[in-house]
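S.K.: Below is one structure. I have some questions about it.
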Amino acid sequence: AQVERIAALQDHFERAMAPEPGGFELLTAGAYFGWVRHPAVDRATDAVVRRLVLDHDVLVIPATAFTPTDQQMLRFSFANLTDAEIDELPRRLEEFGATS
């Protein structure tokens, strides 16, 4: 049941991110998280993370926590989200894109 639940969440996340809301591009997704490239090429990823958290209530981890260079990458964890929370994500990312 857990495997099916996580697979359904991954599919839901991938579908939510497919239109690249706000210019955020899903590069890959696994069972628990997705790697997403942010659209703010003129800003460091940690600044993008700060803005997502403080202004848009989107908590992500910058890829710089895992790699030595800034590649405009963010790690989105979705395994503990509900379908409604995943459905809300594109709106918040669009909001970020509109105010960038």
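The values are calculated or read from the model by the stated rules, or taken from the named source; none is laboratory data. Every value quoted in this text rests on a predicted model; they were computed, and no experiment measured them. Neighbour counts run over all protein chains shown; Cβ positions are idealised from the backbone, glycine included. Heavy atoms of the whole protein, side chains included, go into the accessibility calculation; ligands, DNA and RNA do not. Shrake-Rupley method; radii C 1.70, N 1.55, O 1.52, S 1.80 Å.
S.K.: Pick from E14, E88, E25 the residue whose mean-square fluctuation is largest in a GNM of the chain, springs joining Cα atoms under 10 Å.
M.R.: E88
S.K.: Continuing with the same structure: Could you please state, rounded to a whole Å, how far the C-alpha centre of region 71-91 is from the C-alpha centre of region 30-66?
M.R.: About 11 Å separates the Cα centre of region 71-91 from the one of region 30-66.
S.K.: Write down the accessible area per residue of the chain in Å², having rolled a 1.4 Å probe over the full set of protein chains.
M.R.: Details: 5650 Å² over 100 residues.
Solvent-accessible surface per residue comes out at 56 Å².
S.K.: For a quick check: with amide H placed at 1.01 Å from N, whose amide H comes under 5 Å from F33's, ignoring anything fewer than 5 positions away on the same chain?
M.R.: F78
S.K.: Calculate, in nm to one decimal, what A65 and D87 gain on full extension: separation in residues at 0.36 nm each, minus their alpha carbon distance.
M.R.: On the way: separation 22, 0.36 × 22 = 7.92 nm, distance 2.64 nm.
Between A65 and D87, full extension yields an extra 5.3 nm.
S.K.: While we're looking at this one, here's another question. Report Rg/Rh for the chain, rounded to two decimals, where Rg is the Cα radius of gyration and Rh the Kirkwood radius. Could you put the intermediate results ahead of the total?
M.R.: Values: Rg = 12.9 Å, Rh = 13.6 Å.
Expressed as Rg/Rh, it is 0.95.
S.K.: Report the extension gain between E25 and R75 in nm, rounded to one decimal, defined as 0.36 nm multiplied by the number of residues separating them, less their alpha carbon distance.
M.R.: 16.8 nm
S.K.: Considering the dipole of the chain built from charges on the beta carbon (Lys and Arg +1, Asp and Glu -1) around the Cα centre, which of G34, H12, G22 is farthest to its positive end?
M.R.: G34
S.K.: If you roll a 1.4 angstrom probe over the protein chains with everything in place, what fraction of the accessible area of the chain belongs to carbon and sulfur, to the nearest %?
M.R.: Its accessible area is 54 percent carbon and sulfur atoms.
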